[in-house]
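This report refers to the structure that appears directly beneath it.
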Amino acid sequence: MTRILAINGSYRDDGITDQAVDAVAQAAQSRGAEVETVLLRDYPIAFCRNCRECTQQPGDSPGLCVQLDGMYDLINKIELADAYILAAPTNIRSVTAIFKRFMERLTVYAYWPWGMPAPRFRKAKSPRKRAVLISSCAAPGFLGRWIYSSRRQLGMTAKVIGADTVGVLFTGLVADKEHPHLPESTRLKARTLAARLV
């Protein structure tokens, strides 16, 4: 059974991002996958202290952060998963602050001892997992996908944890209604992308 971990960086309950994550998750479950969703808005993660203690520890496994908060359990979930759904809406041309906070805490995936000029990603040579990226924006989706940094940030997150991006679901024009609904065309694409994860 494929174990999929969805990490959702949206602030809004049942907004477009939540709906898109649910659509991919439900389609994956219908194909026999096990899906767990983590809502970063409810998850106890502190800000990275940039102490780099975790980066001093050698090996291909994530380093241990000095902050033993919810990120410790989330790293374990990441390690146990076979595939990922990484999601965050676009706010001010970027992923949300809570997703950025999560991204910074992924420093545990870097080996960077003092004196070394640049970090080495611990998962660079590991067998690759799969990731679907989900975002949304007020602009038309095709524009938002290319001119905003959210898609690149989600893709970098996938790379750091050892996954290749196998599809992107980027919904545009989502700011014209207070309670928007995921378009049927997007639901159809969600089913296609789910098949790539399972």
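Each value in this text was obtained by applying a stated rule to the coordinates, not by laboratory testing. The structure presented is a predicted model; accordingly, all values stated were derived computationally and were not measured. Neighbour counts run over all protein chains shown; Cβ positions are idealised from the backbone, glycine included.
Quickly estimate the mean residue ellipticity at 222 nm for the chain, helices only: each DSSP H run with n ≥ 4 gives -39500 (n - 2.57), and the total goes over all residues, rounded to 500. The partial results should precede the final answer.
Details: 6 runs with 67 residues, N = 198.
The helix-only estimate for the chain comes to -10500 deg cm²/dmol at 222 nm.
I need the per residue convex hull volume for the range 3-197, using only the alpha carbons, in cubic angstrom as a whole number. Please list the in-between numbers first.
On the way: hull volume 22.2 nm³, N = 195.
Each residue corresponds to 114 Å³ of Cα convex hull volume.
Using the Karplus equation 6.51 cos²θ - 1.76 cosθ + 1.60 (θ = phi - 60°), what ³J(HN,Hα) coupling, rounded to whole Hz, does each residue of the range 102-107 give in order, writing x for Gly and Pro?
Result, ordered by residue: 4, 4, 4, 6, 6, 4 Hz.
With the cut-off at 1.5 for a/c, could you classify the range 14-98 from its C-alpha gyration tensor as rounded, prolate or oblate? Let's see the in-between values first.
Values: a/c = 2.52, a/b = 1.46, b/c = 1.73.
Here the range 14-98 falls in the oblate category.
Return, for the Cα atoms of the range 48-120, the radius of gyration and Dmax in Å, separated by a comma.
Expressed in Å, the Cα Rg and Dmax of the range 48-120 come to 13.4, 37.
Residue by residue, what Karplus-based ³J(HN,Hα) values in Hz, rounded to whole numbers, does the range 84-92 have, using 6.51, -1.76 and 1.60 with θ = phi - 60° and x for Gly and Pro?
With the stated coefficients, the range 84-92 comes to 9, 10, 10, 9, 6, x, 8, 10, 6 Hz.
Students often get this wrong: which residues of the range 34-76 have the backbone nitrogen under 15 Å from the point 7 angstrom along Cα-to-C-beta of Thr2?
34-36
What net charge is computed for the residues neighbouring Leu40, neighbours being all others with C-beta under 11 Å from the C-beta of Leu40, Lys and Arg scored +1, Asp and Glu -1? Intermediate values should be presented prior to the final figure.
Values: positive: Arg41, Lys100, Arg101, Arg105; negative: Asp42.
Once all neighbours under 11 Å are counted, the net charge is +3.
Given the C-alpha centroids of the range 20-51 and the range 134-173, what is the distance between them in whole angstrom?
Using only Cα atoms to place each centre, the spacing works out to 16 Å.
How far is helix 16-30 tilted, in degrees, relative to the longest principal axis of the Cα atoms in the chain, given as a value from 0 to 90 rounded to the nearest 10?
80 degrees
How far apart, in nm, are two points set 7 Å out from the Cα along the Cα-to-Cβ line at Ser30 and at Ala138?
For the pair Ser30/Ala138, the computed spacing is 3.4 nm.
Dipole size in debye (nearest 20) for the chain around its Cα centre, Lys and Arg Cβ +1, Asp and Glu Cβ -1? Kindly include the intermediate steps, with their values, before the conclusion.
Details: 27 positive and 18 negative charges, 167 e Å.
Here the size comes out at about 800 debye.
Of Lys123/Lys189; Lys100/Lys189; Lys100/Lys159, which sit over 21 Å apart, Cα to Cα? Don't skip to the end; give the middle numbers.
Working: Lys123/Lys189 29 Å; Lys100/Lys189 26 Å; Lys100/Lys159 15 Å.
Cα-Cα > 21 Å for Lys123/Lys189; Lys100/Lys189; rest within.
Any idea which of Phe99, Trp112, Thr17 is furthest toward the positive side of the dipole for the chain, if Lys and Arg beta-carbons carry +1 and Asp and Glu beta-carbons -1?
Trp112
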